[in-house]
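Dumping the structure here so I can ask a few things about it.
The values are calculated or read from the model by the stated rules, or taken from the named source; none is laboratory data. None of these values were measured; they are calculated from a predicted model. Because the Cβ atoms are built from the backbone with ideal geometry, glycine has one as well, and the counts that use them run over all protein chains shown.
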Amino acid sequence: MGKTILVTGANRGIGLALARQFASRGDRVIGVCRNASDALASTGARVEAGVDVTDQAAVQQLAQRLRDERIDVLVANAGILERDGLDPLDIDAIRRQFEVNALGPLIVVRALRDSLATGAKVALMTSRMGSMEDNTSGGYYGYRASKAALNAIGKSLSLDLAPRGVSVVLLHPGYVATDMVGGAGDVTPDQAASQLIARIDALTPERSGTFQHANGSSLPW
């Protein structure tokens, strides 16, 4: 029997590929996004459009609409990337990325926590660019800081949700050819989604709170 999967940022890129692959194997998908797309609708997902993950009121309204659902897997995928540097330093860009990439997933998970089934899984889409040890090139202040913050948030969620049997994993999808990176990348969204789903399927309570590459390797904090 299929599971109920909720994916944020599901209208394009990795989120769309995840929605498509989960649906194709028989899972029931709830695709959350700011703007609906024909591609998402074609997956057969229940589309919840008009949801900005940084808008607490909008996310609470989503939670109310889903109050009778039991979510088996929540994938917090919505995110943005801005190429900010030290000179000029764009504090507004850094703030936007922090709000979407770090606070957005926290707002969503907190709002939907009562809808998480016992033994549910939460996958937070992070990046190795949030790793302190892996940073050898500098720059990208907003993106790096927001993903490092998300890693800290994910670790805390793994502890706070453990009493309910909910497992949390922080996943780096790889360098994926999406609009976010101008179509460059080493893997396609479909390839990344396939690997990410394998990591989610394999997640156990013992591995909750870990930072993993989509290929299964562990990443340094």
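Out of the residues in segment 63-95 meeting the condition of being assigned to a helix (DSSP H, G or I) and touching a helix residue (DSSP H, G or I) at 6+ places or on another chain (Cβ under 7 Å), tell me which one is surrounded by the fewest Cβ atoms within 10 Å (Cβ to Cβ).
The initial filter retains those residues of segment 63-95 that are assigned to a helix (DSSP H, G or I), namely 63-65, 91-95.
This time we only want the ones that are touching a helix residue (DSSP H, G or I) at 6+ places or on another chain (Cβ under 7 Å), so: 63, 93-94.
Details: ALA63: 17, ALA93: 19, ILE94: 19.
The qualifying residue surrounded by the fewest Cβ atoms within 10 Å (Cβ to Cβ) is ALA63.
So how many residues does segment 9-25 have that are closer than 22 Å to ARG67 by Cα and surrounded by fewer than 24 Cβ atoms within 10 Å (Cβ to Cβ)? Write out each step before concluding.
Step one: list which residues in segment 9-25 are closer than 22 Å to ARG67 by Cα, which gives 9-10, 19, 22-23.
Within this subset, residues satisfying the condition of being surrounded by fewer than 24 Cβ atoms within 10 Å (Cβ to Cβ) are 23.
Of the residues in segment 9-25, 1 are closer than 22 Å to ARG67 by Cα and surrounded by fewer than 24 Cβ atoms within 10 Å (Cβ to Cβ).
Shifting gears a bit: Look through GLU99, GLU133 and report the one residue that is modelled with pLDDT of 95 or more, in a helix (DSSP H, G or I), over 25 Å from SER194 (Cα atoms) and charged (D, E, K, R).
Working: GLU133 fails: in a helix (DSSP H, G or I).
None of the others qualify; the one that does is GLU99.
Right, something else. Report the residue count in segment 36-65 for those that are over 15 Å from ARG12 (Cβ atoms) and either touching a residue at least 60 places away in the same chain (Cβ under 8 Å) or polar (S, T, N, Q) (or both).
Residues that pass the stated criteria total 5.
Just to be sure I understand the filter: pairs with C-beta atoms under 6 Å, separated by 6 or more residues or on different chains, first member in segment 203-221 and of a type in the set (D, E, K, R) and at pLDDT below 95, second member assigned to a loop (DSSP other than H, G, I, E, B) and surrounded by 15 or more Cβ atoms within 10 Å (Cβ to Cβ). Which pairs pass?
Short answer, once both residue conditions are applied: none.
Name every residue in segment 1-52 that is among the hydroxyl-bearing types (Ser, Thr, Tyr) and assigned to a helix (DSSP H, G or I), in order of residue number. Break it down stepwise before answering.
Narrowing segment 1-52 to residues among the hydroxyl-bearing types (Ser, Thr, Tyr): 4, 8, 24, 37, 42-43.
Scanning segment 1-52 gives a single hit, SER24.
Out of the residues in segment 53-62 that are part of a helix (DSSP H, G or I) and of a type outside the set (A, V, I, L, M), state the one that is nearest to PRO105 (Cα to Cα). Step through it out loud before you land on a result.
Of segment 53-62, the ones part of a helix (DSSP H, G or I) are 56-62.
This time we only want the ones that are of a type outside the set (A, V, I, L, M), so: 56, 60-61.
Working: GLN56: 11, GLN60: 13, GLN61: 16 Å.
The extreme case among them is GLN56.
Out of GLY119, GLY79, report the one residue that is touching a residue at least 24 places away in the same chain (Cβ under 8 Å), touching a strand residue (DSSP E or B) at 6+ places or on another chain (Cβ under 9 Å), more than 20 Å from GLY15 (Cα to Cα) and small (Gly, Ala, Ser). Quick ask: steps written out before the conclusion?
Details: GLY79 fails: more than 20 Å from GLY15 (Cα to Cα).
Among GLY119, GLY79, only GLY119 is touching a residue at least 24 places away in the same chain (Cβ under 8 Å), touching a strand residue (DSSP E or B) at 6+ places or on another chain (Cβ under 9 Å), more than 20 Å from GLY15 (Cα to Cα) and small (Gly, Ala, Ser).
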